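The values are calculated or read from the model by the stated rules, or taken from the named source; none is laboratory data. Predicted model, so just to flag it, every value in this text is computed and none were measured. No Cβ is skipped: glycine too gets one built from the backbone with ideal geometry, and neighbour counts run over all protein chains shown. Each accessible area value is taken on the protein alone, full model and side chains, heavy atoms only, with ligands, DNA and RNA left out. Shrake-Rupley method; radii C 1.70, N 1.55, O 1.52, S 1.80 Å.
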Amino acid sequence: MSEFSQVRMVDTMAEEKTLSEIDLEASSRILGIETSCDETAAAIVEDGRRILSNIVASQSELHSQYGGIFPEVASRKHIEVIHAVVERALYGAHLGIEDLDCIAVTYGPGLVGSLLVGVNVAKGLALGRRKPLIGINHLEGHVYSLWLTKEEAEIEFPVIVLIISGGHTEMYLMEDHLQYRHLGGTLDDAAGEAFDKVGRLLGLPYPGGPPIERAADTGNPSSYRFPRAVMKQGYDFSFSRLKTAVYREVNRYDSGRMPVEDLAASFQEAVVDVLVTKTVDAVEEFGAKAVHLSGGVSANRTLQRAMKRHIEVPVRVPPAELCTDNAAMIAAAAHWHFIGGERDSLELDVNPSLQL
Ligand code: KG4
Ligand code: ZN
């Protein structure tokens, strides 16, 4: 079997950079490596803002046959493709390892076997080529994906940051670079996990977010009034009651007769409603100057539209390829640690339950 069987490798750069476009005065040029879940990714970013290359090898087609991620299969696939992914990132940026200032790698949170692959490759490169090493929290990567969007040169703090992915639904108040105050998070299922589980109930492929969004486009969001678990106080979330409510409705139908579009639209509406309500409250309470959405679920256009409609300050979302897992965001986050003089030793270890 070829090393790329069942892995889709995407170079998300629309056009390749020419050598003359690469800023020789850049204060940092960092290789990011990301293997926390089922994407094997490597990217090179300059000054935490400009992407020189961004390679993502996604295993989602491979895992879709299991209806979810199979951790052992994931780590084995990472091992098979990681070197080629790193090489392509260097090639795309016209750089060799010797041109880099630092190697950055996700060390948590995530699947332990998957994280180990990225961390060990990064350590090997750092040791073999005498380059500084910086371990990055995957969630902080999602935060810094917003600094990779072209139009935003200067971002004013404080910012409400909502990370909504398959493993996380977390809200932070960010008062400066690398300063996070955790406002709340999910008490049970993450928003993306709810999309994935409901997708399975509706007979849609994994991961459930994109097919639910597509089905919802032609459904009626008012067909079912699913529960909105809006906690009265604070910024915590809960999506398990909503999932159970969808399950109950689904069981009322023979599978062939299930109104998938209406169920998808009503479920999506309930998730969006909860996320928007809490975010509106947080913007008001903390006088935020902007809202940043990141993580896979923030690619959802109904969510983006609802946020922009209800929130008066700018709502920023990275382009779709930077919402989902990638290594450019890891290199972008590393820039701010790098210019602050932080370095990790070769003792850097994975931390599957790392928090921000
Ligand atoms: O950030 P991400 O790529 O990986 C994690 O760190 O988890 O997020 C993946 C999650 C999956 O649960 C997927 O169903 C969800 O993001 N997702 C979406 C959409 N695209 C991806 N959820 C809702 N609508 C979408 N368009
Ligand atoms: Zn993620």
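Remark on segment 202-245: hydrodynamic radius 12.5 angstrom, per the Kirkwood mean of 1/r across alpha carbon pairs.
With helices as the sole contributors, the chain gives -12000 deg cm²/dmol at 222 nm; each DSSP H run of n ≥ 4 counts as -39500 (n - 2.57), and the sum is divided by every residue. Charge dipole (Cα centre; +1 on Lys/Arg Cβ, -1 on Asp/Glu Cβ; no other charges) of segment 140-285 amounts to roughly 900 debye. Rolling a 1.4 angstrom probe over the protein heavy atoms with all chains in place gives segment 75-184 an accessible area of 39 Å² per residue. Ordering V272, T218, Q233 by the projection of their Cα atoms onto the charge dipole of segment 166-296, which places +1 on the Cβ of Lys and Arg and -1 on the Cβ of Asp and Glu, puts T218 at the extreme positive end. Amide H contacts under 5 Å for D236: G185, restricted to partners 5 or more places along the chain or on a different chain, H placed in the peptide plane at 1.01 Å from N. For segment 213-225, just list the computed ³J(HN,Hα) in residue order, Karplus coefficients 6.51, -1.76 and 1.60, θ = phi - 60°, integers in Hz, with x standing in for Gly and Pro. Each residue of segment 213-225 in turn: 4, 5, 5, 5, 4, 10, x, 9, x, 9, 5, 10, 9 Hz. Principal axis extents of the Cα atoms in the chain, from largest to smallest and rounded to whole angstrom, are 61, 53, 37.
Per-peptide packing, taken as the mean over residues of other Cβ atoms within 10 Å, places 257-270, 169-182 in the sequence 257-270, 169-182 from highest down. For K278, give me every one of the aspartates and glutamates with a C-alpha distance below 12 angstrom, ignoring sequence neighbours fewer than eight places off in its own chain. Reachable aspartates and glutamates: E170, D236.
Within the accessible area of segment 139-240, what % is carbon and sulfur when the probe is 1.4 Å and the other protein chains stay in place? Result for segment 139-240: 46 percent of the exposed heavy-atom area is carbon or sulfur. Under 5 Å from the amide H of V315 lie the amide H atoms of V291, each residue being 5 or more positions distant or on a separate chain, with H modelled from the backbone and absent for Pro and chain starts.
Computed over segment 235-292, the quotient of the alpha carbon radius of gyration and 2.2 N^0.38 Å is 1.52. A protection proxy built from the mean count of other Cβ atoms within 10 Å ranks the segments 284-292, 297-305, most packed first, as 297-305, 284-292. These residues, S294, S60, S345, go from largest to smallest accessible area, 1.4 Å probe, as S345, S60, S294. Overall, the chain carries a charge dipole of about 940 debye about its Cα centre when +1 sits on the Cβ of Lys and Arg and -1 on the Cβ of Asp and Glu, all other atoms neutral.
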